[in-house]
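A short write-up of the structure that comes next.
Quick note: the coordinates plus some simple rules give every number you see, no bench work behind them. This is a predicted model, so every value here is computed, not measured. All Cβ positions, glycine included, derive from the backbone under ideal geometry; neighbour counts span all protein chains shown.
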Amino acid sequence: MKMIVLLTVLITVGCILVAGCINPNKDTVPEKCVCPVCPSLNATNTTVSNMSFVANSTKLKGPLRIAITGFNAELAVTLDNQTAGIVTTAKPLDLIIDEGNHSVRVCVGSICEQEEVTIKFAKISTVDFGDRLIKDVEFPSPTARIIDYYRNGDGIAVVVEFINPTAKDLAMTAEVTVGYSFISGRTDQRGGESTRGKAYTVVKAGQRQTNTLGLAFADGYSYMFDPPILGQITAN
């Protein structure tokens, strides 16, 4: 017990000396004396623990806007290989992300556009993929078009191209209508009529596939027909 009391006194005196609270020069009085906080010792614990201080710091953030101006589609936006949201022609995607370098990507089927962007605090950064998508992606959504047609016996053959720019396989159909005139074998009179049908095929993701649809004319001769017209197109 006497030893603990002695240690306490020695430590306290040492602290006072370090702070200048005892001045060896009796003729001079210090202007200010501030004693530091010294560890206390008691009868039951003579060990001073080490203490560590952790300063929590938060990264600065900045705004990022992703747009697809002029490109009619609804696309998922990938930021640093993680899905960040959806962007459309009418509604850009606005994000608040950490400062630094980031990778931004949008894809239409197998065609992707990517850009590296540097984010700075309180300074808006904008990435607009519109022009690149318009240039590189001819069709932003599943569709079909007539690429050829020709007379085929007493009817017509229509070649339909199905286009699937998405990331999954699709069963696609397209309705085709052809107007024509002919001379009836029974009356020898020319009359007008139309014929229609549906072309169908399965198109793999990011691919194109053609299908030839045969349409028959009514009985007669001297057929004359208009260019085929596409109707409803479905993709499931």
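Some notes on this structure:
- Among the GluC sites (Glu not before Pro) found in the range 131-230, those both in a DSSP coil and sparsely packed, with 15 or fewer other Cβ atoms within 10 Å of their Cβ, are E138.
- Between the listed residues S184, I156, T201, the Cα displaced farthest toward the positive end of the dipole of the range 143-235, a dipole computed from Cβ unit charges relative to the Cα centre, is found at T201.
- Given R0 = 35 Å, the distance between the Cβ atoms of K91 and V159 translates into a calculated FRET efficiency of 0.40.
- Inter-label distance, K168 to K198: 2.0 nm, where each label sits 7 Å from its Cα along the C-beta direction.
- Using the Cβ-Cβ distance between R190 and T234 with R0 set to 41 Å, the FRET efficiency works out to roughly 0.70.
- Label zone at S181 (point 7 Å along Cα-to-Cβ), backbone N below 12 Å, the range 196-236: 223-226
- Relative contact order, percent, the range 61-136 [alpha-carbon distance under 8 Å, six or more residues apart]: 41 percent
- Pairs exceeding 24 Å between alpha-carbon atoms, taken from K135/K168; K61/K135; K91/K198: K61/K135; K91/K198.
- Each 5 Å bin from zero holds the following percent of Cα-Cα pairs in the range 143-235: 3, 15, 23, 19, 13, 11, 7, 5, 3, 1, 0.
- With contacts taken as Cα pairs under 8 Å at a separation of at least 6 residues, the range 143-235 carries a relative contact order of 39 percent.
- Sorted largest first, the principal axis extents computed over the alpha-carbon atoms of the range 82-236 equal 83, 25, 21 Å.
- Diffusion coefficient (Stokes-Einstein, Kirkwood radius over C-alpha pairs, 10 °C, 1.306 mPa s) for the range 61-136: 129 µm²/s, rounded to a whole number.
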